Amino acid sequence: MAKVQCYNCKKVTPVVAPGYRCKFCNYPLNKYLEQDEEPQEEIIIEKIKQELPEKPSIHDLYRVDQGKQNVVQADQAVINQLKPDEKLKRTSTGSVILKKNKNPEKDGKIVAGWLVVHTENKLSITYELFEGENIIGRPDGPHHVDIRIEDDEYVSRIHAKITIDKDFLHRFHYKLSDDGSLRNGNPSTNGTYINGISERLSKNKTVFLRDGDTIQVGTTKLVFKNTDEADDDISAVSSVNNTDYTETISIRG
């Protein structure tokens with residue numbers, strides 16, 4: 001809090017943004033103060049309000065905040081939008097949202113891998129994968145989705161799935177499909193793509209995922225990490241953030 005001698009009543013008075021007036025005589029003193037006396041957090045908050053849409057999403061907040069000087073304030077704007085099953089963490093490569101799978105069928109199971117959002121101008125989000133079916137989709141209805149892709153209108157409600165099973169040596173195997181088996185036989189509307197290849201995954205094809213593969217659903221790109229190459233969700237996202245983005249396949253609605 002700045003204190004100055006009032007140029008009107010000559011008393012020493014505290015002045016606080018945004019009024020910058022003398023506490024005793026209400027004389028305006030803002031033009032006599034150095035510009036950097038204004039608290040930096042208030043400047044950042046005001047800029048955030050001006051640049052955000054009326055109903056900001058997590059990714060809107062991140063896009064605006066990532067260029068701000070105050071990292072703590074940038075994270076706080078995102079934290080205020082988090083859901084109960086989401087947690088924000090800082091890593092050496094930036095901020096990341098960790099999403100927990102709330103499906104009771106997965107409760108107590110060992111995490112078998114991760115999907116990490118790796119899309120330009122989007123905040124990193126990690127999703128846990130478990131043995132069995134892991135459904136990818138848009139969670140705007142009563143249907144169950146394990147990998148909940150929000151803020152992407154091109155993602156179908158039930159879009160694709162990753163099926164994980166073990167062989168006789170207890171090694172995990174990861175299979176990606178967009179076969180419509182959970183959509184009355186209809187594959188996703190806008191397709192599922194692998195590693196920037198423009199040909200969508202066909203209904204009758206299953207892909208065995210390898211560590212580092214990029215899956216595109218809608219306009220969202222997710223990098224797959226297995227438990228052989230990453231020890232936990234933080235190491236998974238740190239590894240992904242140190243890699244280049246794959247080409248984004250254009251989706252025509």
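The numbers here are math on the coordinates, done by the rules we state, and not lab data. Here the structure is a predicted model, which means the values were calculated and not measured. Glycine also receives a Cβ, built like all others from the backbone with ideal geometry; neighbour counts cover every protein chain displayed.
Among the listed pairs Lys100/Lys203; Lys166/Lys221; Lys87/Lys175; Lys89/Lys122; Lys87/Lys221; Lys161/Lys205, which have their C-alpha atoms separated by more than 23 angstrom in this model?
As for pairs spanning more than 23 Å Cα to Cα, those are Lys100/Lys203; Lys166/Lys221; Lys87/Lys175.
Set the Förster radius R0 to 35 Å, insert the Cβ-Cβ distance between His170 and Glu150 as r into 1/(1 + (r/R0)^6), and round the FRET efficiency to 0.05.
0.55
Kindly identify segment 84-241 as rounded, prolate or oblate by the Cα gyration tensor criterion: order the square roots of the eigenvalues as a ≥ b ≥ c, call it rounded if a/c is under 1.5, otherwise compare a/b with b/c, prolate if a/b is larger, else oblate.
Rounded shape, in that the Cα axes give a/c under 1.5.
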